[in-house]
Each structure stands twice: as structure tokens, then as C-alpha cells.
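The block underneath contains the structure these notes are about, expressed in C-alpha cells.
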Amino acid sequence: MTVRYYPAVIERADGGFGVFFPDLPGCTSFGATLQDAARNAEEGLQGHLNVSAEHGDTIPEPSDLDLIPIQDGVDEAARILVRAEMPGRAVQVNVDL
């Protein structure tokens with residue numbers, strides 16, 4: 001299974017912290033604490049990728065975390081890389097030695 005790491009921005013919000021993924025518009029998450037937000041980001045990302053694959057949407061490659069521009073109006077608390085397993089069918093391979 002292919003694993004990718006997508007950059008995420010955690011921002012301060014009313015009642016906690018929001019998470020968004022610059023490479024994946026509409027993919028968001030939330031947590032009451034910074035730590036909760038970071039943990040919830042993986043579940044949100046995986047769900048977004050799975051639904052995108054089910055609908056046949058193109059899934060972009062992750063951007064370089066250092067190249068994500070700072071957005072006006074975003075009160076950043078952190079930037080993180082979030083792990084996701086890329087959706088796809090499993091393939092069994094038998095190797096004889």
C-alpha cells in the first residue's frame with residue numbers, strides 16, 4: 001500500500017483548532033486542543049481520499065510543506081505532515097525462491 005504525507009495547517013478557531021489541507025480543497029478537520037486537531041487530521045484526510053477515489057476524482061501529489069504560502073486571515077498554530085494510505089485495490093504477489 002502506498003503511503004503519502006500531506007501538509008496540513010492547524011489554525012486557531014472558536015472553541016478549538018481547525019485543520020485544512022492546502023492540496024485538498026474541502027478537506028478539513030477540527031479538535032478541541034491542538035493535539036486533538038492533529039490526531040483528527042489523519043482520520044479526516046483518509047476519509048477525504050477514500051471518497052475522492054470512490055468518485056474517480058484525481059488525487060494530487062502532496063506539496064512540499066516548506067513551500068505552502070502563509071494565507072492572509074489565517075491564525076496559524078502549526079503546520080504538520082499527515083499520513084495517509086492511498087486508496088486502491090490490493091494485489092497479492094507470490095514469490096518463490
request  = Could you tell me whether any residue of the range 41-63 is of a type in the set (A, V, I, L, M, F, W, C) and outside any helix (DSSP H, G or I)?
outcome  = yes
Options 41, 77, 53; residue that is touching a residue at least 12 places away in the same chain (Cβ under 8 Å) and over 24 Å from residue 88 (Cβ atoms) = 77
Candidates 50, 40, filtered to the one that is polar (S, T, N, Q), within 14 Å of the chain's Cα centre (by Cα), open to solvent by 30 Å² or more (accessible area, probe 1.4 Å) and closer than 21 Å to residue 78 by Cβ = 40
note = For the range 7-30, pairs from a residue that is closer than 17 Å to residue 81 by Cβ and modelled with pLDDT of 95 or more to a residue that is basic (Lys, Arg) and assigned to a strand (DSSP E or B), with Cβ under 6 Å and 6 or more apart or across chains, are 9/79
inquiry  = Given the condition at pLDDT 95 or above and more than 14 Å from residue 5 (Cβ to Cβ), answer yes or no: does some residue in the range 78-86 qualify?
reply    = yes
ask   = Could you say which residue among 32, 13, 8, 77 is in contact with a Pro (Cβ under 9 Å, 6 or more places away or on another chain), among the small types (Gly, Ala, Ser) and open to solvent by less than 100 Å² (accessible area, probe 1.4 Å)?
value = 8
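The values are calculated or read from the model by the stated rules, or taken from the named source; none is laboratory data. Computed from a predicted structure; not experimentally measured. Note that each Cβ is placed from the backbone with ideal geometry, even for glycine, and that neighbours are counted across all protein chains shown. Quick note on the areas: whole protein, heavy atoms, side chains included, nothing else; ligands and nucleic acids left out. Shrake-Rupley method; radii C 1.70, N 1.55, O 1.52, S 1.80 Å.
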